[in-house]
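The values are calculated or read from the model by the stated rules, or taken from the named source; none is laboratory data. Computed from a prediction, not measured in an experiment: that's the story for all the values here. Virtual Cβ from ideal backbone geometry, glycine too; neighbours counted across all protein chains shown. Ligands, DNA and RNA are excluded from the accessible area calculation, which covers all protein heavy atoms including side chains. Shrake-Rupley method; radii C 1.70, N 1.55, O 1.52, S 1.80 Å.
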Amino acid sequence: MSMKLGLFGGTFDPIHLGHRYLAEKAAEAAGLDKLIVIPAKIPPHKIASGLVSEQDRLEMCRLAFADLDCVEVSDFEMKNEGKSYSYNTVLHFRELYPDCELYFIMGSDQLLTFEKWYRYEDILHMAGIIALSRGEEDSVAELEAKAASLGAEDGRVIVVKTEPFEISSTAIRDAFANGSDPSCYLDKNVVEYIVSRGLYAPAREEAVSFKKKYSAYRELIKSCLSKKRAQHSVNVANAAVRLAERYGEDPEKAYVAGLLHDVCKELPPERQKELVLRCRLDISEVEKNAQPLFHAPAGAVYIEEELGIKDEDVIAAVRYHTVGCGDMSKLAQIIYLADLISADRDYKDVRKMRRYAVQSLEKAMLEALKFSLSDSVGKENSIPVCTLECYNRFVMLSKMKED
Ligand code: ATP
C-alpha cells in the first residue's frame with residue numbers, strides 16, 4: 001500500500017493550536033503516514049514593516065510539532081524566489097514522492113475560495129484535499145456542497161466532520177497587541193520562543209512609540225464617551241496601526257484617526273447636526289437626515305475646529321468612516337475596516353472580515369460594502385450616493401484584477 005502524505009501550507013504567523021488541531025484531525029480522517037508543514041514566503045516589505053521573519057515562523061512550526069516524528073517542517077516555499085503558489089509546492093512534493101497518495105490540508109476558508117487558486121484543477125489532479133470547518137459560519141453542509149462541486153471535477157475532497165476550534169493567527173496577534181495573553185491557544189514552547197525573541201508585542205510597541213504623544217486624545221475620548229466606546233476607539237486605533245504597517249500607510253495618522261473616529265458619537269443629536277452642517281466635505285441629503293450617520297462628519301469638523309487637527313487625510317478618514325466614498329484614500333479605507341475588525345467586535349462574520357483585511361484592503365472593502373449595503377437594503381434605509389460610488393469603485397477594482 002502506498003504511503004499517505006499530507007501537505008499543510010500556511011503563513012503560521014504564529015502557528016497556533018487550531019493549526020495543530022487541523023493537522024491531527026486531517027491525519028486521523030485520511031490515515032496519513034507523514035505530514036509536511038510548509039510555511040509560506042512573505043514579501044520582504046511586509047517583514048520590514050513589522051511582521052515576524054521567515055526564520056522565526058519556521059522555528060515556531062518546528063517547535064509546535066517537535067513531539068511528532070511523522071511531521072516534517074519544510075522551508076521549500078521560503079527558499080524559492082518569486083511568488084509561491086500552492087500549485088508549485090504540490091508539484092514539487094508530487095515529484096519528490098511519486099508513489100505516495102498525496103493530500104493537501106486546509107481550513108474551510110481556504111476550501112471555500114479554492115477555485116480562485118492558481119491552477120486549482122491541476123492541484124486536484126495531483127492531490128486530494130482534506131478540509132475542516134473553522135467555525136459555525138462555515139457549515140459542514142456548505143463545505144460538503146463545495147466538496148461535491150470540486151469532486152465533480154474529478155477531485156477527492158474529504159470534509160472532516162468535527163467540532164471547529166475557533167482561533168486564528170490574527171486573533172492571537174491582536175491579543176498580543178492589546179496586552180492580553182493568548183498563550184492558551186499556543187504550544188508552550190512556541191510561547192517561550194515568542195517571549196524570548198520579543199516577537200509581536202515588543203516590535204509593535206517600538207513601532208508605535210508615538211502613542212505617548214496622544215495621551216490627551218485618549219483622555220478626551222474617555223471623558224466624552226462611555227467606557228465601552230472609549231475602549232472600542234482604542235481598539236480601532238490599534239487595529240488601524242496594524243493595517244497601516246501592513247499596507248505602507250502612516251501608522252501615526254492611523255492611530256489618531258482611529259482614536260478619534262467616534263469622538264462626537266455621544267454628543268446630543270442637535271449638536272452633532274450643527275457640526276454636520278458646517279462640514280466642508282460633501283454631505284448628501286441622506287446623511288443630513290439620518291441621525292446614526294451624523295457623528296462621522298460631525299467628528300471631522302470637531303477634530304479640525306476644536307482639536308486643531310490640520311491633516312486632511314485624518315479629517316477625511318474620520319468623515320468617511322461610516323459611509324465611504326468614491327475616492328477613498330488608503331487611510332480612510334484603513335479606518336473604515338479597523339472599525340469593523342477591532343478586538344471588541346464579535347458579529348457573526350468578524351473572523352472572515354479580519355482575514356480579508358490582512359489579505360487585501362480592496363477585497364476587504366468590497367466585502368464590507370456588500371455586507372453594509374445588503375444590511376441597509378434589508379432595513380429599508382436610504383443609502384448615501386457616496387456609499388454607492390464607493391461600492392462601484394471596489395467592484396471595478398475587483399473586476400480589473402480578475403481580467
Ligand atoms: P491569519 O489569521 O493570519 O489569516 P490563520 O489563523 O488563518 O492566520 P494561516 O497560517 O493562514 O492561519 O492558516 C494556514 C491553514 O490553516 C489554512 O488552511 C487555514 O484555513 C487553516 N487554519 C488556521 N486556523 C485554523 C483553525 N482554527 N481551524 C481549522 N483550520 C485552521
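Tell me the angle of helix 330-341 to the major Cα principal axis of the chain, expressed in degrees between 0 and 90 and rounded to the nearest ten.
70
By residue number, which cysteines of the chain lack any other Cys whose Cβ falls under 4.7 Å from their Cβ?
Cys with no partner Cβ under 4.7 Å: 61, 70, 100, 184, 224, 264, 279, 390.
Compute the helix-to-body angle for 140-151: its Cα long axis versus the longest principal axis of the chain, expressed 0 to 90° and rounded to tens.
60
Suppose every Lys and Arg Cβ carries +1 and every Asp and Glu Cβ carries -1, with no other charges. What dipole size does the chain come out with about its Cα centre, to the nearest 20 debye? Numbers along the way, then the final one.
Working: 53 positive and 65 negative charges, 180 e Å.
My answer is approximately 860 debye.
Before rounding to the nearest 500, sum -39500 (n - 2.57) across all DSSP H runs of length at least 4 in the chain and divide by the residue total; then give [θ] at 222 nm in deg cm²/dmol.
Details: 22 runs with 231 residues, N = 403.
Value at 222 nm, helices only: -17000 deg cm²/dmol.
For a quick check of understanding: with a 1.4 angstrom probe and all protein chains in place, what accessible area in square angstrom does residue 232 have, to the nearest ten?
Approximately 10 Å² of residue 232 is accessible to the 1.4 Å probe.
Straight-line reach from residue 227: which lysines fall under 19 Å, measuring Cα to Cα and dropping same-chain residues less than 8 apart?
265
Considering only protein heavy atoms, what is the solvent-accessible area of residue 196 at a probe of 1.4 Å, reported in Å² to the nearest 10?
Counting only protein heavy atoms, the figure is 90 Å².
Which links in 25/399; 222/253; 116/370; 352/401; 330/399 stretch past 31 Å when you go from one Cα to the other? Can you show the working numbers first?
Numbers: 25/399 37 Å; 222/253 20 Å; 116/370 19 Å; 352/401 21 Å; 330/399 19 Å.
Beyond 31 Å: 25/399.
What accessible area per residue comes out for the chain, rounded to a whole number of Å², with a 1.4 Å probe? Don't skip to the answer; put the middle values down first.
Numbers: 18770 Å² over 403 residues.
Counting only protein heavy atoms, the per-residue value for the chain is 47 Å².
Need one word for the range 149-298: rounded, prolate or oblate. Basis is the Cα gyration tensor (sqrt eigenvalues a ≥ b ≥ c); a/c below 1.5 gives rounded, then a/b vs b/c decides. Walk me through the intermediate numbers first.
Values: a/c = 2.55, a/b = 1.48, b/c = 1.72.
Judged from the Cα gyration tensor, the range 149-298 comes out oblate (a/c at least 1.5, b/c at or above a/b).
What whole number of Å gives the distance from the Cα centroid of the range 162-179 to the Cα centroid of the range 224-280?
24
Quickly work out the residue 392-to-residue 311 label distance, labels modelled 7 Å from Cα along the C-beta direction, and quote it in nm with one decimal.
The answer from the label model is 3.1 nm.
Answer with one residue from 147, 39, 53: the one whose Cα lies farthest towards the positive end of the charge dipole of the range 4-185, charges on Cβ with Lys, Arg +1 and Asp, Glu -1.
Of 147, 39, 53, it is 53.
Kindly rank 236-244, 3-11 from highest to lowest mean number of other beta carbons found within 10 Å of each residue. Mind dumping the intermediate values first?
Numbers: 236-244: 27.1, 3-11: 20.2.
Ranking the peptides 236-244, 3-11 by packing returns 236-244, 3-11.
State whether the range 56-95 is rounded, prolate or oblate according to the following rule on the C-alpha gyration tensor (a ≥ b ≥ c being the square roots of its eigenvalues): a/c under 1.5 gives rounded; otherwise a/b larger than b/c gives prolate, and the remaining case gives oblate. All intermediate terms of the calculation are to be shown ahead of the outcome.
Values: a/c = 3.52, a/b = 1.58, b/c = 2.23.
Oblate is the answer for the range 56-95, as a/c is 1.5 or above yet b/c matches or exceeds a/b.
For the range 216-281, what class follows from the C-alpha gyration tensor (a ≥ b ≥ c being the square roots of its eigenvalues): rounded when a/c is under 1.5, otherwise prolate if a/b is larger than b/c, else oblate? Intermediate results must be reported in sequence, preceding the final value.
Numbers: a/c = 2.88, a/b = 1.50, b/c = 1.92.
Oblate, since a/c reaches 1.5 and b/c is not below a/b.
Taking the Cα-to-Cβ direction at residue 195 and at residue 75 and moving 7 Å from each Cα, how far apart do the two end points lie in nm?
According to this spin-label approximation, the distance is 2.7 nm.
Measure off, as a whole percent, the carbon and sulfur share of the 1.4 Å-probe accessible area of the range 4-185, all protein chains present. Before the final figure, lay out the partial values.
Working: 4000 of 7950 Å².
Here it works out to 50 percent.
Mean separation of Cα pairs under 8 Å and 6+ residues apart, divided by the residue count of the chain: what relative contact order is that in percent?
Relative contact order, the chain: 12 percent.
Go through 17-26, 344-353, 286-295 and give me the packing order, highest mean Cβ count within 10 Å leading.
Numbers: 17-26: 19.9, 344-353: 15.0, 286-295: 17.5.
For the peptides 17-26, 344-353, 286-295, the packing ranking is 17-26, 286-295, 344-353.
So how tilted is helix 361-378 from the main axis of the chain? Cα-based, degrees 0 to 90, rounded to 10.
60
How do 245, 81, 192, 144 rank by accessible surface area computed with a 1.4 Å probe, from largest to smallest?
Values: 245 25, 81 160, 192 120, 144 70 Å².
I get 81, 192, 144, 245, largest accessible area first.
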